[in-house]
Amino acid sequence: MKAIIETLLLETVSQMKQAGTLPADLEPRLQIDRTKDKSHGDFATNLAMMLAKPAKSNPRQLAQQIIELMPEHAAISKIEIAGPGFINFFINPDHLADQISQLLADEHASVQLAATPQTVVVDYSAPNVAKEMAVHHIRSTVIGDAVTRTLEFLGHKVVRANHIGDWGTQFGMLIAYLEIVQNEQASDMELSDLEAFYREAKKHYDEDEAFAERSRNYVVKLQGGDEYCQTMWRKLVDITMEQNQRNYDRLNVSLSDKDVMGESLYNDMLPAIVDDLAAQGLAVEDAGAMVVFLDEYKGKDGDAMGVIIRKKDGGYLYTTTDIACAKYRVAELGADRVLYFIDSRQAMHLQQAWTIARKAGYVPEQVSLEHCAFGMMLGKDGKPFKTRSGGTVKLVDLLDEAEERANALIAEKNQDLADDERAEIATAVAMAAVKYADLSKNRTTDYIFDWDNMLSFEGNTAPYLQYAYTRIQSIFRKAGVDGDSLTGSPQLNEAAEQALAQKLTQFSDVVNNVAAKTSPHLLCTYLYELAGQFMSFYEACPVNKDGVADDVRASRLLLCGATAKVLKLGLGLLGIATLARM
Ligand code: ARG
């Protein structure tokens with residue numbers, strides 16, 4: 001609605017510029033606010049007051065002029081001048097009702113799909129091989145997945161890229177240690193404790209010279225494509241990713257094994273990249289290493305910063321891989337846009353890799369590379385989130401604890417549930433709560449992990465939204481209707497009905513904003529406000545109460561239907577399940 005008014009006002013301003021009423025170079029900043037007092041209409045702007053001076057007119061006179069010039073629109077029933085020169089807009093309830101009817105009939109709930117669908121590569125999750133997923137991996141995984149789902153919903157072609165850390169010199173020692181473990185355990189082993197595995201491998205490497213020698217030998221062989229080492233390496237990758245997949249499935253994250261595009265994928269490209277950068281004069285030899293000097297980044301002494309792309313010993317670096325990776329995403333995947341959901345501490349690393357990739361012509365200007373950075377996960381004490389003994393919290397332990405807590409909570413709330421149904425609900429609530437706690441905060445800041453907040457049934461939480469949804473489902477059950485197949489145009493007589501309808505029509509803008517700003521918290525805020533608006537509506541406008549006329553009930557059920565639909569779709573974009581009851 002706001003967008004419609006904005007367009008109309010901008011058109012009017014440009015007309016006034018053409019007519020000479022306003023200076024041609026004027027770029028007014030439009031401010032359109034929702035009114036508090038509905039007798040002043042639904043929206044108001046102070047535009048006439050802002051433009052009075054440049055127009056050399058008085059505000060009320062100018063407001064009158066604006067209103068006369070403004071094109072008509074079905075969404076607006078009346079425009080008035082108020083006070084010193086405010087312009088008030090009254091929304092046409094019939095138009096609003098039409099929009100609700102369209103929203104109910106459309107499987108996308110009237111969300112405007114992308115006019116020009118893009119190919120978007122989304123780099124997210126990216127855990128490391130032979131390490132267990134730690135709690136901090138949840139941020140990239142969950143936020144990246146929500147944006148991925150949103151982009152797909154809008155009609156873009158999305159390539160999920162799980163850039164796992166599956167390459168590097170540590171694989172020599174890991175293979176050597178896997179060999180030992182395999183010989184000890186004759187059967188097909190399962191490495192349930194990857195942390196311990198990694199620790200033991202490192203210990204052997206540090207303490208046993210023969211083992212270290214063998215490890216170094218395996219690295220060389222692995223890089224040379226040796227079959228035995230490749231097989232052992234693959235085993236390590238598969239074991240790790242099988243475990244990670246369990247976390248993904250539990251969290252309803254849409255990644256699978258076919259999305260894995262780890263560091264190893266780019267390994268074969270690296271020698272040619274370094275050669276090419278040297279041929280282009282971008283990389284030069286410096287004390288045996290190959291280095292790109294970037295004027296864009298100055299070191300402490302004011303000299304151009306040197307980025308090493310090949311070490312003296314011939315080894316390549318994380319940056320070299322990301323240069324190759326950016327090239328691959330453009331050339332092989334056809335990316336128009338690449339989103340990197342990575343910790344904000346890697347900002348400099350990405351900037352360097354991208355600057356080099358662009359200079360080398362691997363990434364044309366029109367392809368956008370975006371670091372969708374996020375802050376750290378902190379405990380209630382404001383320090384990095386750790387176990388009691390100060391260790392890293394394993395993701396799987398966190399998810400287990402969430403389920404336990406949710407189970408106890410649901411048992412307390414609803415004693416009539418059978419054990420298996422309660423367990424099912426608790427799982428859905430637990431995973432939703434953990435995800436939503438992360439998704440609902442602006443991703444750029446650090447975020448404080450707090451069990452009590454995230455599992456609360458009040459406030460901007462997953463349980464609150466899931467509960468709002470189940471409440472609507474129980475309204476449908478009581479009324480004896482199928483809430484998913486309601487169609488028609490509601491009557492919007494009450495202020496609460498109109499407010500709810502207006503909120504519902506904002507869904508499209510919000511979803512598009514999430515995609516543009518790669519910020520799912522905008523959707524969370526919206527859904528929270530929508531649920532609140534629904535609660536106010538339901539208080540003011542009963543549905544199933546005695547004495548509510550049939551046509552009024554039918555109309556209100558349509559608003560319930562539209563709300564349930566938007567809640568379900570919206571939560572679905574966040575990768576969060578809705579429940580029929582809880
Ligand atoms: N595996 C890396 C880490 O754990 C994240 C990789 C992110 N993606 C990338 N293209 N660099 O820090």
Check your understanding: What is the order of E11, E365, fewest Cβ neighbours within 10 Å to most?
Key -> E365, E11
Point to revise | For the range 203-341, the fraction of alpha-carbon pairs in successive 5 Å shells from zero, as % | key: 2, 8, 12, 14, 17, 16, 13, 10, 7, 2, 0
Exercise for review: Subtracting the Cα-Cα distance from 0.36 nm times the residue separation, let me have the gained length for S536 to E401 in nm, one decimal.
Suggested key: 45.2 nm
Check your understanding: Does anyone have the angle between helix 395-413 and the longest principal axis of the chain? Alpha-carbon axes, 0 to 90°, nearest 10?
Key -> 40 degrees
Exercise for review: Using θ = phi - 60° and the Karplus relation 6.51 cos²θ - 1.76 cosθ + 1.60, list the HN-Hα couplings for the range 78-85 in order, rounded to whole Hz, with x at every Gly or Pro.
Suggested key: 7, 10, 9, 9, 9, x, x, x
Exercise for review: State the answer as a single residue: which of W354, L395, V367 lies farthest towards the positive end of the charge dipole of the range 319-438, with beta carbon charges of +1 for Lys and Arg and -1 for Asp and Glu, about the Cα centre.
Suggested key: W354
Exercise for review: Take the alpha carbon gyration tensor of the range 114-199, find the square roots of its eigenvalues, order them as a ≥ b ≥ c, and report rounded if a/c is under 1.5; if not, report prolate when a/b exceeds b/c, else oblate.
Suggested key: prolate
Revision key, fill the gap. Residue span S39 to R581: 0.36 nm per residue of separation minus Cα-Cα distance leaves a gain in nm of 191.2 nm
**Study point:** Rounded to whole Å, sorted largest first: equivalent-ellipsoid semi-axes of the range 220-281, Cα gyration tensor
**Key:** 31, 18, 6
**Study point:** Unit charges at the beta carbon, dipole of the range 476-582: most positive-side option, L522, L574, L558
**Key:** L574
Exercise for review: Using only Cα atoms, locate the centre of the range 112-149 and the centre of the range 403-451, then give the distance between them in Å, rounded to an integer.
Suggested key: 22 Å
Study note, to complete from the structure: For the chain the translational diffusion coefficient, Stokes-Einstein from a Kirkwood Rh over Cα pairs at 37 °C and viscosity 0.692 mPa s, in µm²/s, is roughly 119 µm²/s
Point to revise | Within-14-Å neighbourhood charge of H40 [Cβ basis; K, R +1; D, E -1] | key: 0
Study note, to complete from the structure: To the nearest 20 debye, the range 129-233 has a Cα-centred charge dipole, built from +1 on Lys and Arg Cβ and -1 on Asp and Glu Cβ, of 700 debye
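Classify the range 144-277 from the C-alpha gyration tensor, please: rounded if a/c falls under 1.5, else prolate or oblate depending on whether a/b exceeds b/c.
Values: a/c = 2.78, a/b = 1.46, b/c = 1.90.
Note, shape of the range 144-277 comes out oblate.
Please quote Rg/Rh for the range 429-582 to two decimal places, taking the Kirkwood radius as Rh and restricting both calculations to Cα atoms.
Rg/Rh: 0.99.
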Review point. About the Cα centre of the chain, what is the dipole size in debye to 20, counting +1 per Lys and Arg Cβ and -1 per Asp and Glu Cβ, all else neutral?
Key: 1640 debye
Review point. Mind ordering 317-327, 404-414 by average Cβ neighbours within 10 Å, highest first?
Key: 317-327, 404-414
Review point. What spacing in nm lies between the two simple spin-label points modelled at M305 and V481, each 7 Å away from Cα in the Cβ direction?
Key: 5.9 nm
Exercise for review: Sort out for me the Cα centre separation of the range 359-390 from the range 490-522, rounded to whole Å.
Suggested key: 29 Å
Exercise for review: Quote to one decimal, in nm, the extra length available between D416 and E207 on full extension: 0.36 nm per residue of separation minus the C-alpha distance between them.
Suggested key: 69.3 nm
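If you build the convex hull over the alpha carbons only and average its shadow over all orientations, what do you get for the range 44-120? Give it in nm² to one decimal.
Mean shadow area of the hull around the Cα atoms is 8.1 nm².
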Check your understanding: If you take every DSSP beta bridge whose two residues both sit in the chain, what share of them, in percent to the nearest 5, is antiparallel?
Key -> 60 percent
**Study point:** Expected 222 nm ellipticity per residue - DSSP helices of 4 or more, -39500 (n - 2.57), all of the chain, to 500
**Key:** -17000 deg cm²/dmol
Practice item. Averaging sequence separations of C-alpha pairs under 8 Å and six or more residues apart, then dividing by the length of the range 200-356, give the relative contact order as a whole percent. Key: 12 percent
Study note, to complete from the structure: Here the residues of the range 125-139 lying in the modelled label zone of L333, meaning backbone nitrogen under 20 Å from a point 7 Å along Cα-to-Cβ, are 125-129, 137-139
**Study point:** In sequence order, calculated HN-Hα J values of the range 34-44 (Karplus, 6.51, -1.76, 1.60; Hz; x Gly/Pro)
**Key:** 6, 7, 7, 9, 5, 6, 9, x, 9, 9, 9
Practice item. Quote the relative contact order of the range 10-95 in percent (integer), defining contacts as alpha-carbon pairs under 8 Å separated by 6+ residues. Key: 28 percent
**Study point:** Long pairs among K203/K312; K394/K568; K38/K568; K157/K565; K202/K258; K394/K435, criterion Cα-Cα beyond 22 Å
**Key:** K203/K312; K394/K568; K38/K568; K157/K565; K202/K258
Practice item. Using Cα centres only, tell me the gap between the range 266-342 and the range 46-76 in whole Å. Key: 55 Å
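Take the eigenvalues of the Cα gyration tensor for the range 332-451, scale each by 5, and report the square roots as semi-axes in whole Å, largest first.
Semi-axes (√(5λ), whole Å): 40, 19, 11.
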**Study point:** Amide hydrogen neighbours beyond the local backbone of I76, cut-off 5 Å, H modeled
**Key:** N92
Review point. Taking K413 as the anchor, which aspartates and glutamates have their alpha carbon closer than 16 Å to its alpha carbon, excluding any fewer than eight residues away along the same chain?
Key: E403, E404, E421, E424, D452, E458
Revision key, fill the gap. Amide H neighbours of D343 at under 5 Å, excluding residues fewer than 5 places away on the same chain, with H built from the backbone geometry, are F374
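Arrange L573, L69, L104 by Cβ neighbour counts within 10 Å, fewest through most, would you?
Ranked by crowding around the Cβ, least crowded first: L69, L104, L573.
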Review point. For the range 464-581, what relative contact order do you get, as a whole percent, if you take Cα pairs closer than 8 Å and at least 6 residues apart?
Key: 46 percent
Practice item. Could you work out the mean projected area of the convex hull around the alpha carbons of the range 271-387, in square nanometres to one decimal? Key: 10.0 nm²
Check your understanding: Using the 10 angstrom Cβ neighbour count as an exposure proxy, how do E424, E27 rank, fewest first?
Key -> E27, E424
Point to revise | For I164, residues with placed amide H under 5 Å, excluding near neighbours | key: M261, G262, E263
Check your understanding: Based on the mean of other beta carbon atoms within 10 Å per residue, what is the order of 121-127, 81-87, 337-343, 443-449, most packed first?
Key -> 121-127, 337-343, 81-87, 443-449
Study note, to complete from the structure: Fraction of alpha-carbon pairs in the range 166-238 farther than 18 Å apart, rounded to whole percent, equals 32 percent
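Just so you know, all these numbers are worked out from the coordinates, no wet-lab data involved. Quick caveat, the model's predicted, so the values are computed rather than measured. FYI the Cβ positions are ideal-geometry reconstructions off the backbone, even for glycines, and counts take in every protein chain you see.
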